[in-house]
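Colleague: One structure, pasted below without further comment.
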Amino acid sequence: MKKNINLGISIYPEKTNISEINDYLKLAKKYNFSLVFINFISILEKKDIKLLSYYKEVISLCQKNGFEVTLDVNKSTFDELKIDYNQPDLKYFADMGIDCLRLDDQFNGLFEATLTFNKYGIKIELNPSTFNDQISNILSYGANVNNLRALHNFYPQKYSALNYELFKKHNKKIISQGLDVGAFITINTHSTVGPWEVNEFLPTLEIHRDLDIGIQANHFISNNFVKYLYISTQFASEKDFMEITNSISPKKIIPYKKLRENSKIENQVIDFDNHFIRGDMSENIIRSTITRKIYSTENIQKNIFSENIIKKGYVVIPNDEYAKYKGELQIVSKDIINDNLRNVVGYIPDKFHFLIDELKPWDHFELKEYD
């Protein structure tokens, strides 16, 4: 079952032409993407009439293709437009045809709250990645929560993206305040374009920077961290779109690699499409026991594993010598002694071990072979 999630692309008009953008919009629409993020920071400061006209043309094209457009702005944008902070009027942005205004900067709280009641129905989007109490401040001024949401930053500089533990802590609070939350996933398998000169991939979370884009998407979605996601750079390939849409699932996807040529039954156990973790989850092994019932009459011959210890991250299946436990799918979460009652059928690479650490009782998951 697919989760109800909104997906978006990012477009940087200065870096491409209208024909390429049109083709990109059509490709994104093919995969049910419905949002467009456009960086507008510093555009007005350039005093370039042709450039501004081009941005408006791109926004119009997005609208004609049925996309909801978010414009990313900061304090300088409002200053250039001489918008009154006491009685702000968003007519300039309404005339551009945008749907959402993302405030990269923080203001005094009252200003943001006032914007949520703008007469044009433009949604207001906050930057929650500073991890302070600004959202609480804004809500204290009676903000219209139905017209307010929060989109985390992306970070082009390697090692600079959000700390995962802090993200989880503060993101949970934001969601509890009634706001929908969005984030960015990044392309790292081929050349792409971002808004700045530095582009060492553009994730929201640092742990995502070098992961496959589908794994990034599934991690956000299967943990209920976000309601919407943007690809941070242009242009995503058709393969990128396919990987993302195939990963939109409440089940947690865990990449693994094979160690050997497994038997037909072992592969069927691994590829079973409805693994879930027992409620009485142990410290050393994560068990999906449903397969031992399904394959109880099949033979799973012992396959000798030469190491004395089966390390964290290894995927194992109890063999014929383990009686009624034969055919379970198990993930080792803490090193165990090897007694050869379990066949080692694969392993989860170290960089994905954080996915093992956050598995909980009754979580549903699937193993996906990793290239």
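The values are calculated or read from the model by the stated rules, or taken from the named source; none is laboratory data. No experiment lies behind these values; they were computed from the predicted model shown. Cβ coordinates were reconstructed from backbone atoms using ideal geometry, including for glycine residues, and neighbour counts include every protein chain displayed. Each accessible area value is taken on the protein alone, full model and side chains, heavy atoms only, with ligands, DNA and RNA left out. Shrake-Rupley method; radii C 1.70, N 1.55, O 1.52, S 1.80 Å.
Colleague: Tilt of helix 164-176 relative to the longest C-alpha principal axis of the chain, in degrees (0 to 90, nearest 10)?
Modeller: 60
Colleague: Please enumerate, by chain and number, the aspartates and glutamates with C-alpha under 18 Å from the C-alpha of Lys30, excluding those fewer than 8 residues away in the same chain.
Modeller: Glu20, Glu68, Glu238, Asp240, Glu243
Colleague: Per the 1.4 Å probe, what fraction of the accessible area of the chain, in percent, lies on carbon and sulfur atoms? Walk me through the intermediate numbers first.
Modeller: On the way: 8290 of 17120 Å².
Looking at the chain in its full context, I get 48 percent from C and S.
Colleague: Taking every Cα atom in the chain, find the radius of gyration and the maximum pairwise distance Dmax, and write them in Å.
Modeller: Spelled out, the Cα radius of gyration and Dmax of the chain are 24.1, 78 Å.
Colleague: Return one whole number: the accessible area per residue of the chain in Å², for a 1.4 Å probe.
Modeller: In whole numbers, the chain has 46 Å² accessible per residue.
Colleague: Another question, then. Structure shown: which of Lys47/Lys75; Lys46/Lys82; Lys119/Lys172 lie over 26 Å apart, alpha-carbon to alpha-carbon?
Modeller: Listed pairs above 26 Å: Lys119/Lys172.
Colleague: Okay, moving on. What 222 nm value per residue comes from the helices of the chain, counting each DSSP H run with n ≥ 4 as -39,500 (n - 2.57) and dividing by all residues, nearest 500 deg cm²/dmol?
Modeller: Values: 12 runs with 103 residues, N = 371.
Rounded to the nearest 500, it is -7500 deg cm²/dmol.
Colleague: With all pairs of different alpha carbon atoms counted, what Kirkwood hydrodynamic radius in Å does the range 120-278 show?
Modeller: 17.5
Colleague: Among the lysines, which fall within straight-line cross-link reach of Lys293, defined as a Cα-Cα distance under 20 Å, with same-chain neighbours fewer than 8 residues apart omitted?
Modeller: Hits, sequence-local ones excluded: Lys264, Lys302, Lys324, Lys326.
Colleague: Say the cut-off is 25 Å between C-alpha atoms; which of Lys123/Lys173; Lys15/Lys64; Lys257/Lys312; Lys239/Lys311; Lys169/Lys227; Lys50/Lys158 go over it? Intermediate values should be presented prior to the final figure.
Modeller: On the way: Lys123/Lys173 21 Å; Lys15/Lys64 21 Å; Lys257/Lys312 14 Å; Lys239/Lys311 33 Å; Lys169/Lys227 17 Å; Lys50/Lys158 34 Å.
The pairs that break the limit, which is 25 Å between Cα atoms, are Lys239/Lys311; Lys50/Lys158.
Colleague: On to the next question. Can you tell me the mean projection area, over all orientations, of the convex hull of the range 11-163's alpha carbons? Units nm², please.
Modeller: About 10.1 nm², averaged over all directions.
Colleague: Let me ask something else about it. Take Lys258 and Glu20, extend 7 Å from each Cα along the Cα→Cβ direction, and tell me the distance between the two endpoints in nm.
Modeller: 4.0
Colleague: Considering only C-alpha atoms, what is the centroid distance from the range 116-155 to the range 280-343, in Å?
Modeller: 48
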